Number of protein chains: 4
Amino acid sequence: MEFRTDLALEVRESFEEDNIEISGVALKEETGKMKGIKVTTVDIFNEDGAQAMGKPRGKYITIEIPELLNEEEKCRTATEKEIEAQILKLMNGKKTKSILVIGLGNRDITADALGPLVVEELLVTRHLFKEFGEKFGEKHGYQNVSAMAPGVMAQTGMETMEMIKGIVRETKPDLVLAIDALAAKSVHRLNTTIQLTDTGICPGAGIGNNRQALNEESIGRPVLALGVPTVVDAGTIVREGMEQFAKSRPDFKREAEEFLQRDFTGFVKNMFVTPKNIDCSIRYVSETVADGINRFIKSK
Amino acid sequence: MEFRTDLALEVRESFEEDNIEISGVALKEETGKMKGIKVTTVDIFNEDGAQAMGKPRGKYITIEIPELLNEEEKCRTATEKEIEAQILKLMNGKKTKSILVIGLGNRDITADALGPLVVEELLVTRHLFKEFGEKFGEKHGYQNVSAMAPGVMAQTGMETMEMIKGIVRETKPDLVLAIDALAAKSVHRLNTTIQLTDTGICPGAGIGNNRQALNEESIGRPVLALGVPTVVDAGTIVREGMEQFAKSRPDFKREAEEFLQRDFTGFVKNMFVTPKNIDCSIRYVSETVADGINRFIKSK
Amino acid sequence: MEFRTDLALEVRESFEEDNIEISGVALKEETGKMKGIKVTTVDIFNEDGAQAMGKPRGKYITIEIPELLNEEEKCRTATEKEIEAQILKLMNGKKTKSILVIGLGNRDITADALGPLVVEELLVTRHLFKEFGEKFGEKHGYQNVSAMAPGVMAQTGMETMEMIKGIVRETKPDLVLAIDALAAKSVHRLNTTIQLTDTGICPGAGIGNNRQALNEESIGRPVLALGVPTVVDAGTIVREGMEQFAKSRPDFKREAEEFLQRDFTGFVKNMFVTPKNIDCSIRYVSETVADGINRFIKSK
Amino acid sequence: MEFRTDLALEVRESFEEDNIEISGVALKEETGKMKGIKVTTVDIFNEDGAQAMGKPRGKYITIEIPELLNEEEKCRTATEKEIEAQILKLMNGKKTKSILVIGLGNRDITADALGPLVVEELLVTRHLFKEFGEKFGEKHGYQNVSAMAPGVMAQTGMETMEMIKGIVRETKPDLVLAIDALAAKSVHRLNTTIQLTDTGICPGAGIGNNRQALNEESIGRPVLALGVPTVVDAGTIVREGMEQFAKSRPDFKREAEEFLQRDFTGFVKNMFVTPKNIDCSIRYVSETVADGINRFIKSK
């Protein structure tokens, strides 16, 4: 892999740049709930596609809202409704009885705090169902929702997957929805893009480790994942600079490519790139995502 | 029960005031690691004692450090060593292989944040044991420690006990150590008293609910609990005012007692009392407790 | 003074209980923007009134919203509009050019964090006026607003008044709006009552100290204050318990009163009473107050 | 300027690379309080030096502690003592009567929170001097210290300089010590380097704006600044990648340099690079710096 991205859309784009056909992958682009919102679905429908893309089979829906951070009410509402609609679509239009939302990531690192911040703003209802019975949901039109932010291994000493497995076994939700901060290739996608997928996620992969996947196979429940790219790997940035050079001077393309082959980004290992106003962006996008999920929770 | 307290010591004291003998309960008072530190052990050794005290059988060790909040280095170190020694004593001098520390309570309520704050300061090592094997512990003399702050039901929609059960089943610690903020009867004990017990604890009981106990019976692991009183129930304060009146005017003792029989504290239901500088006190006592536990973790 | 309250309304009520006439004080009760919201104006219009009330001359508007913490959208919006309207009324319907909002209190103590929390949610614009000129305000219909949370003396070593004076002299706002958590007499008023006044406020008085007032006299700018009671003094609670006893047993009224004369509440000195769910309440009421002020800032 | 750095040492190094002599700048390297700690003093002693370096005249002391983040007690203590000693050296060995410490930066952005975090851990005493008189300092051997974290303009609407000027005028400290997070050129210096200078600092410059300096000229008090690099500008990283290419392929040096002349880093404008574990590093280095300053405050 030439660069690091958690967005299926960016993986797909890299093939386009190289004019390569991929079998097993279908692409669909639509306009969202508002002009300016773009919804792209990458459907990896067979093993060939999964191999080529380096990602498990399933649907990857990307919502791009370039204007999101302008903080206009209209754009925010449209984004929330888009999230609601796309979650429902990934569930084939059928609601489950109970959902456990997992806010992955480290609350103490601004760029990694998306999951915990979303969980803080969620409408949690499972204890009310327990207290008032199923009629609670019918009366208010709410779903049965529990939520947690398990923290990261350096804080707990436990694999996030161990904690989730244990809690799922005990509380038996019908569906798990995992929220996480992602890495993108392009800086312009940071905090303005939402990826939804029905393939699950790898907790902790976001920081470069190879961890056990959180998916239906590993926990026995369908797992949706919602992610927002908040960082770009520093090595990717360096590589992109080199590529711009190669493009501007086609006569050195070969040399630049040779150079790019070598692992010359070691000097920025374990470094990532964030926008300077990340604190505001992350708060705003977390609240928008939470309100989108809350719409889903409240809708009948 | 005439007043609310989570301290076995204060329950015991209430009998003394009334000059009542209690069978099944042994009391031992000692000086701690430093003059001015008092260690009292209440041992409830049979069912009669448990009935009389309204608490499960087991040992309740209370460390009182009236000078703790003066923030003197010497006093703090002595307190930390006392915590280390008393944990070891409750374990009959034998260390277990692995411990899961649970920081109960709500991080967003200053007076209830003790558990989460202690967990933040702990030396967590379980993931290092997993990575480097048992020799990690031998080399550094550390125990295998994991830790978590599960939050409260209003945040997660789950009973704390459900989360703990699931995680214990998955990660299989040999011992659970639960940390929680407690309620005391006397304001002078707030943030200057530490109770250690081998009987477990009821998560959420601290806020007046009747919850399932976290103990060996419920989770299949020995459970130690360490608590610090940080609040007094507002009703208890009102009652204490009345009692002072009754003492100062013995001629009205009967009337005051009649009045006290009636539930006249309803107007402060769900209210608690904290010191005005609770933010500083809770931070200081949390760090002291965490460092005491860290001493225990590091000691061979 | 028999009990501690920062609410002019509660001081006024204490006279009613005793059937005492007060000259120099006018009282007006109205229904607010929604049924269930009560707006009471206590107008202390001469020195006699100020003496009797123990408060400086001026208008004290109390908005009572008993249903606020039910978190209904409709009630919240009505409360925000009420805040907007009453601020404007205190300014005699005339907007100033620029406002400095001061969030008093200690962000680390849940019950004292109202001021800092409100400031965090405010629409701050002064730097945009500086960058884009006066036309910025005309275009967007915003007022020129700056804001700060100065912290408390134990954190800064400085009197809050020193900091405010210095900043006012340097940034020259036309009006200061101070936000602070208050103490009430009655627990049912906690987090459901908003007091607005044109008399200024004493920073730090909330914790029992005698400090210099923040008012037009001391800083040369009109000072509005908006406060929400979040605590009851523990001594007040004890006293109220005694009073209930005295009422229930009129035959002991004299003895109880004698007892109340003596300072028998020393055992809860520097203690305060808060509701158990103070973290949720304070967040909700802070956001409501901030949105009310934001409405004022945005309205032409 | 070819890259962005706030470290005088890195500016100086860039001349070495190019084998250029600089008049007006003296360099001194020493071993610190412990093997492995390096202390370098860059003394810009005339206008030529200031021009060449692009920095005001004065002393810039850089403490490099490559092992700091290993969190060894010995190394931390040595670092704290080094900070104490170098502050005293910048003051020519003479203590002032009173100090105002300013924690610059945005507490909500992990990498920018150094200043506010240091201020939180400081020993603040000015209010005790006010209460107990000068004998307080003599008795305890403390200096008169006040401290504040003014926040950033987007939060307050005010220039940080306006706030500081106002507060200095009102509270009249003899010396101002400003703490801020800096940008470095080299990632290996992040969170392991401390720069101390007697030339003051530009609040807000850290985020790329041209602001008024905080120095003796602007506020009428000597200003020391202590900074720790916590980020590298993303453009600098890209440029460094290019330079590595140019070095590895000297035949393309000219083309690469041509390319570097053009502003080709626009695609990462307003982006910065931080280590993935920035939350732990920033906390550890903030506490170390605070304890170093506290040693200075306590020493006679």
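Coordinate-derived values only; no laboratory data. Every value quoted in this text rests on a predicted model; they were computed, and no experiment measured them. Glycine gets a Cβ as well: all are built from the backbone with ideal geometry, and neighbour counts include every protein chain shown.
For the protein assembly as shown, what is the calculated [θ] at 222 nm in deg cm²/dmol (nearest 500), taking -39500 (n - 2.57) for each run of four or more DSSP H residues and dividing by its residue count?
-11500 deg cm²/dmol
As a test, work out the antiparallel percent of DSSP beta bridges whose residues both lie in region C:77-219, rounded to the nearest 5.
Taking every DSSP beta bridge with both residues in region C:77-219, the antiparallel ones total about 10 percent.
For region A:151-237, list log₁₀ I(q)/I(0) at each q in 0.16, 0.26 Å⁻¹, using the Debye formula over Cα point scatterers of equal strength and ignoring solvent, two decimals each.
-0.68, -1.31
Give a residue-ordered list of calculated ³J(HN,Hα) values for region B:29-37 (Karplus: 6.51 cos²θ - 1.76 cosθ + 1.60, θ = phi - 60°; whole Hz; x for Gly, Pro).
10, 9, 8, x, 5, 8, 4, x, 9
Rank the residues A:Ser146, A:Ser14 as a footprinting-exposure proxy: fewest other Cβ atoms within 10 Å of their Cβ go first.
With the fewest neighbours first, A:Ser146, A:Ser14 line up as A:Ser14, A:Ser146.
Among A:253-261, C:225-233, how do they line up from the highest to the lowest mean number of other beta-carbon atoms within 10 Å?
C:225-233, A:253-261
Counting DSSP beta bridges in chain A, what percent are antiparallel, to the nearest 5?
55 percent
Using Cα positions and a limit of under 12 Å, work out the aspartates and glutamates in reach of D:Lys185, with same-chain residues fewer than 8 apart set aside.
Cross-link targets: D:Glu2, D:Asp6, D:Glu10, D:Glu13, D:Asp233, D:Glu240.
Starting from the exponent 0.38 and prefactor 2.2 Å, build the expected Rg for region A:240-300 from its residue count and divide its actual Cα Rg by it.
Ratio of Cα Rg to 2.2 N^0.38 Å: 1.97.
Counting DSSP beta bridges in the protein assembly as shown, what percent are antiparallel, to the nearest 5?
Roughly 60 percent of the beta bridges in the protein assembly as shown run antiparallel, per DSSP.
Work out the mean other chain Cβ neighbour count within 10 Å for the residues of B:238-251 and drop it here as an integer.
Per residue, the average neighbour count from other chains is 5.
Arranged by the count of other C-beta atoms within 10 angstrom, fewest first, what order do C:Asp48, D:Asp291 take?
In increasing order of surrounding Cβ atoms, one gets C:Asp48, D:Asp291.
If you rank D:Lys298, D:Lys247, C:Lys94 by fewest surrounding Cβ atoms within 10 Å, what's the result?
In order of increasing Cβ crowding within 10 Å: C:Lys94, D:Lys247, D:Lys298.
Using modelled amide H (1.01 Å from N, peptide plane; none on Pro or chain starts), what sits under 5 Å from the amide H of B:Gly105, excluding residues fewer than 5 places away?
Distant-sequence amide H within range of B:Gly105: B:Gly151.
Just tell me how shielded C:108-117 is by partners: mean number of partner chain Cβ atoms within 10 Å of each residue's Cβ, no decimals.
Mean shielding by partner chains, rounded to a whole number: 4.
What is the set of long-range amide H partners of A:Lys95 at a cut-off below 5 Å, with H atoms built 1.01 Å from backbone N?
none
Of A:Lys269/D:Lys74; C:Lys55/D:Lys139; A:Lys28/A:Lys130; C:Lys139/D:Lys269; C:Lys172/D:Lys276; D:Lys81/D:Lys135, which sit over 31 Å apart, Cα to Cα?
In this structure, C:Lys55/D:Lys139; A:Lys28/A:Lys130; C:Lys172/D:Lys276 exceed 31 Å between Cα atoms.
Whole-Hz Karplus ³J(HN,Hα) for region D:157-165, in order, using 6.51 cos²θ - 1.76 cosθ + 1.60 and θ = phi - 60°, x for Gly and Pro?
Using θ = phi - 60°, the values come out as x, 10, 4, 3, 4, 4, 5, 5, 4 Hz.
Translational diffusion coefficient, Stokes-Einstein: compute it for the protein assembly as shown using the Kirkwood radius over C-alpha pairs as Rh, at 20 °C and 1.002 mPa s, and state it as an integer in µm² s⁻¹.
66 µm²/s
Name the aspartates and glutamates eligible as straight-distance cross-link partners of D:Lys298: C-alpha to C-alpha under 13 Å, and not fewer than 8 places from it in the same chain.
Within the straight-line cut-off, D:Lys298 pairs with D:Glu80, D:Glu84, D:Glu138.
If you look at just the Cα atoms of region D:98-198, how large are its Rg and its Dmax in Å?
Considering region D:98-198 through its Cα atoms, Rg and Dmax are 15.4, 48 Å.
When Cβ neighbours within 10 Å are restricted to other protein chains, what is their mean count per residue of peptide B:225-233?
For this peptide, the per-residue mean of nearby foreign Cβ atoms is 1.
Starting from the amide H of C:Leu182, placed 1.01 Å from N in the peptide plane, find each other amide H under 5 Å away whose residue is 5 or more places distant or on another chain.
C:Val228, C:Thr230, C:Val231
Per the Kirkwood treatment, what hydrodynamic radius in Å, one decimal, follows for chain B from the mean inverse distance over all distinct Cα pairs?
It is 20.1 Å.
In debye, nearest 20, what is the charge dipole magnitude of region C:133-241 about its Cα centre with +1 on Lys and Arg Cβ and -1 on Asp and Glu Cβ, if you could check?
I would put it at about 140 debye.
Starting at the first residue of region D:100-117, write each ³J(HN,Hα) from the Karplus equation 6.51 cos²θ - 1.76 cosθ + 1.60 with θ = phi - 60°, in whole Hz, x for Gly and Pro.
So the J values, rounded to whole Hz, are 10, 9, 10, x, 6, x, 10, 4, 8, 10, 3, 6, 9, 8, 3, x, x, 5.
Mind listing which trypsin sites (Lys or Arg not before Pro) in region A:1-87 are in a DSSP loop and have 11 or fewer other Cβ atoms within 10 Å?
Answer by residue number: A:Lys35.
Taking the Cα centroid of region B:106-160 and of region C:149-177, what is the distance between the two, rounded to the nearest whole Å?
After rounding, the separation between the Cα centres reads 40 Å.
Along the charge dipole of region B:18-75, pointing to its positive end and built from +1/-1 on Cβ of Lys, Arg, Asp and Glu, which listed residue (B:Met34, B:Met53, B:Leu69) has its Cα farthest out?
The residue sitting most towards the positive pole is B:Met34.
Under unit Cβ charges (Lys, Arg +1; Asp, Glu -1), what dipole magnitude, rounded to 20 debye, does the protein assembly as shown have relative to its Cα centre?
Taking the Cα centre of the protein assembly as shown as origin, the dipole is about 0 debye.
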